[in-house]
Amino acid sequence: MSKAASGQYIISLLESFAPKKMAMEGDPIGLQVGTLDKPVKKVMIALDVLESVVDEAIEGDVDLIIAHHPLLYRSLKKIDTSTSKGRVIEKLIKNDITVYAAHTNLDVTALGVNEWLANQLQLTQTEVLSTTYEDQLVKLSVFVPASHEEQVREAIGNAGAGHIGNYSHCTFTSKGLGTFTPLEGTAPYIGKQGQLERTEEVKIESILPESIQKAVIAAMKKAHPYEEVAFDLYPLLNKGNELGIGKIGKLPKEMSLQEFVDHVKKVFQISNVRVIKGNKSFIKKVAVVGGDGNKYIYPALHKGADVLVTGDIYYHNAHDAQEDGLTIIDAGHHIEQIMKRELKNVLENKLTSGKYETVVVESNLITDPFTFM
């Protein structure tokens, strides 16, 4: 019988690919209001937690809001319910709505905001713009009865283990003889209590990034027939995946600046952008940073970008970029709303595979504070 997933379980799915340790120092991510220790029938994905968004959540019987931008950026000295922030917190608590923020960890992770923005721009051959985190590689060795070799191999591969370059499901298998004695209280898949059992087993070895270790181990145990799974994990000195802020890649074909501006407006469904014109008339190599892009002008220049697409650029930084020849398109912070659809799809797929009846929806509100007049 299907049931609602707990808040803790839903967040464990999120943190399986966007763990807290990926966040930038000082970023107030995680639980912000309420509790995760409850069943969650409905999750809403939002870019911002404004009072209108909370009203939408109340009307929709939402139990958990997962937001990209934290509600509480700074510590509160008081909760004054005559203020907007105070009313938001009051409404959340009275209606038992939990708020969880996934901010720069969702920016940095490989499957996250900047990847989604790059995909929307149709960039190819992408790489990280500014590295902030290296996902350490781990080797997994698991001992499996020969009858379940393919079942376990497929499970860990589908969970993300075994990626080497453009190859997936990479493993090595060796055969051997496993021995064990089931003790009192066990229900062994093979053998009898109190008797030494010898059985043909294989050792499956594969590598995986540390960030998905929990998900891979869970998938392995689910596919494995034994009560107690024998496996080893080894940290490796091999260079892990570099993760960070922003992406840089190439367009399928070169565009004029005007063509590219029109492309940006079309894919992000916006009517206006601010353009700082550099010295390139044609655009091929594109850097993209969701949100504040001021710190990433020089990484974009260093990596040979013709243009930087971002959400916020300061006046004097715009001058500096222009002097150095970099074109910048300030498309507005709100283009990060792409995370509502994409994160909804990711969590929905994970919950469906776990046979939970929890529903995931997007906030329908536009929270962009700017209006062109």
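The values are calculated or read from the model by the stated rules, or taken from the named source; none is laboratory data. Note that the structure is a prediction, hence the values are computed from the model and not measured. No Cβ is skipped: glycine too gets one built from the backbone with ideal geometry, and neighbour counts run over all protein chains shown. SASA here: full protein model, heavy atoms, side chains in, ligands and nucleic acids out. Shrake-Rupley method; radii C 1.70, N 1.55, O 1.52, S 1.80 Å.
Summary of values
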quantity: Simple Cβ-charge dipole of the chain, Lys/Arg +1 and Asp/Glu -1, about Cα centre, in debye nearest 20; calculated: 140
quantity: Cα-only Debye scattering, segment 227-311: base-10 log of I(q)/I(0) at q = 0.13, 0.16, 0.18 Å⁻¹; calculated: -0.51, -0.67, -0.81
quantity: Mean ellipticity per residue at 222 nm, deg cm²/dmol - from DSSP H runs of n ≥ 4 across the chain, formula -39500 (n - 2.57); calculated: -8000 deg cm²/dmol
quantity: Förster radius 25 Å - calculated FRET efficiency between residue 58 and residue 83, Cβ distance, rounded to 0.05; calculated: 0.85
quantity: Contour minus Cα-Cα distance for residue 357 and residue 174 (0.36 nm per residue); calculated: 61.8 nm
quantity: Whole-percent carbon and sulfur share, accessible surface of the chain, 1.4 Å; calculated: 50
quantity: Contour minus Cα-Cα distance for residue 164 and residue 184 (0.36 nm per residue); calculated: 2.9 nm
quantity: Protein-only accessible surface order, largest first, of 41, 175 at 1.4 Å; calculated: 175, 41
quantity: Estimated vicinal HN-Hα couplings, Hz - segment 263-272 in sequence order (Karplus 6.51, -1.76, 1.60; Gly, Pro = x); calculated: 4, 4, 5, 5, 6, 9, 6, 10, 8, 9
quantity: Förster-model FRET efficiency, 35 Å R0, residue 197 and residue 139, C-beta, rounded to 0.05; calculated: 0.80
quantity: GNM top mover of 124, 109, 179 - the chain, alpha-carbon springs below 10 Å; calculated: 179
quantity: Ranked order, 263, 169, 302, 333 - accessible area, probe 1.4 Å, largest first; calculated: 302, 169, 333, 263
quantity: Per-residue HN-Hα couplings for segment 62-68 [Karplus 6.51, -1.76, 1.60; θ = phi - 60°; Hz; x = Gly/Pro]; calculated: 7, 9, 9, 9, 9, 10, 7
quantity: Residue-normalised accessible area of the chain, expressed per residue, 1.4 Å probe, Å²; calculated: 53
quantity: Over segment 307-373, volume per residue of the alpha carbon convex hull, in Å³; calculated: 113
quantity: Values of log10 I(q)/I(0), in the order q = 0.08, 0.12, 0.14 Å⁻¹, for the chain under a Debye, Cα-only, solvent-free model; calculated: -0.51, -1.00, -1.21
quantity: Among 7, 53, 23 - extreme Cα towards positive end, dipole of segment 1-123, charges at beta-carbon; calculated: 7
quantity: Phi-based couplings in Hz for segment 287-294 (Karplus 6.51, -1.76, 1.60; Gly and Pro marked x); calculated: 9, 9, 9, x, x, 6, x, 4
quantity: Most mobile of 246, 278, 354 in a GNM of the chain (Cα contacts under 10 Å); calculated: 354
